[in-house]
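No lab work stands behind these numbers, since they all come straight from the coordinates. These figures come from a predicted structure and were not determined experimentally. Here the Cβ positions follow ideal geometry from the backbone for every residue, glycine too, while neighbour counts run over all protein chains shown.
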Amino acid sequence: MEPLVVEGAREISARAERELEALVAVSSPSGDLAGAEEAVALCAALLPAEAKTERVPCSTPGGAADLVARIAGRGSRRVLLLGHLDTVVAHDAHVPLRHEADRLYGTGVVDMKGGVVLALGAARALAAAATDRFGELVLLLVTDEEWRTAEFGHVARFSGFDVCLCFEAGERGPGGAEGVVVRRKAAGTLRVQAAGRAAHSGSAPDQGANALLALARAATALAAHHDPAGPDRLSVVPTVMRAGGALNVVPAAGELVFDMRADQLSAFGPVVAAVPAERDGVALSATMERQWPGMDSAAATAPLLARAGAMLGRPIVPVRRGGASDASHFASQIPLTVDGLGPRGGGAHTPEEFVLTASLRARAEVALAIAYAALQN
């Protein structure tokens, strides 16, 4: 293994558990300003001394400002390290870090505070040993990835960068090889609003227009478009339905939410078009939210992964993943975009979320091998 990779990963892993415990101790659900500010302050303290930090507007209006840390080098390559600090878990369900056998459990530990710790460590390692290889190294940590309500606002800011490395959770590839994510599905949220007519459900049920029934029928009709084995690998999954407020009143309003994934955003069009304007006297309207582009950097990154595998002393293989990531926003502008550089684990968004302790060292090695290989160009 390349000595720079060995030494850098050793230093990262020596600090990783303590840093992860501190970061997981901060409850930072999406939209919580105090939690985000505390997490940002902690990360800023863990940056290399050379880093110049600034706060830039969050993509979501009213969200805590995102953190940008810049390190100047003497080379020419421009490298972006990417992560997020928010979780989906509310304060009252937050779980601090605990050690059990070969695992570390805690809220956000794999999605993605474990990855943030590795990104911070990679920034320190590259600042210490590779300033002659890059012209600019930037770490971007956003505060709204888990529930962004507006268009992602950072692509233009990093236009012209050569490399984007995102530290979402890692995984094994086929045969147990180290895997990194180079393909992701497009993702979108479809929200269907229903406007019906209230009536007494006992004395005059048929004088109402039942929003709940209209949404239930829409859910069944739209779910028929679900075709994950088809040409677009389209999934259409109803995830939330709300209607009604009293046990004896015909529901006059409600909403239905779908999570949709496909290889391309264009695959969602026919699903949206299938929402009828009216169903049994209930008006229906559809809007698309949280649209994330697909990502496919497999061809562009193949030579990079081969060089990185040689530096690592073991193969690094490309994998695909269905979940959305901010890396997808950058992939169309930064051809060398590699995701899934965080530690391995599981249970994301649940009380049993965990990372495998040994993977902190192993994935630090993977991330540094890819970073150094990218700086060879």
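Points worth noting:
- Computed lengthening from Arg197 to Ala44, 0.36 nm per intervening residue step minus Cα-Cα distance: 49.7 nm
- Compactness ratio for segment 72-115: Cα radius of gyration over 2.2 N^0.38 Å (N = residue count) comes to 1.71.
- When the alpha carbon coordinates of the chain are projected onto the principal axes, the ranges are 79, 42, 39 Å, largest first.
- When you restrict to C-alpha pairs under 8 Å that are six or more residues apart and normalise by the size of the chain, the relative contact order lands at 23 percent.
- Residue-averaged 222 nm ellipticity for the chain, from DSSP H runs of 4+ at -39500 (n - 2.57), nearest 500: -9000 deg cm²/dmol
- Stretchable slack from Met241 to Thr149, in nm (0.36 nm times residue separation minus alpha-carbon distance): 31.2 nm
- FRET efficiency, Glu100 to Ala14 (Cβ-Cβ, R0 22 Å, nearest 0.05): 0.55
- Options Ala156, Ala186, Ala198, ranked by Cα towards positive dipole end of segment 155-204, top entry (Cβ charges): Ala198
- In units of the rule-of-thumb radius 2.2 N^0.38 Å, segment 186-292 shows an alpha carbon radius of gyration of 1.16.
- Calculated from backbone phi, Karplus (6.51, -1.76, 1.60) coupling profile of segment 61-76 in Hz, x at Gly/Pro: x, x, x, 5, 4, 6, 9, 10, 10, 10, 10, 8, x, 10, x, 10
- Dipole-positive endmost among Gly323, Thr143, Asn210 within the chain (Cβ charges, Cα centre): Gly323
- Rounded to the nearest 20 debye, dipole of the chain from Cβ charges on Lys, Arg, Asp, Glu: 700
- Computed over the chain with a Gaussian network model linking Cα atoms closer than 10 Å, the most mobile of Ala44, Ala101, Ala277 is Ala101.
- You can think of it this way: the chain between Ser332 and Met288 has 13.7 nm of extra reach, that is 0.36 nm per residue less the Cα-Cα gap.
- Dipole magnitude (debye, nearest 20) for segment 186-292, charges at Cβ of Lys, Arg, Asp, Glu: 160
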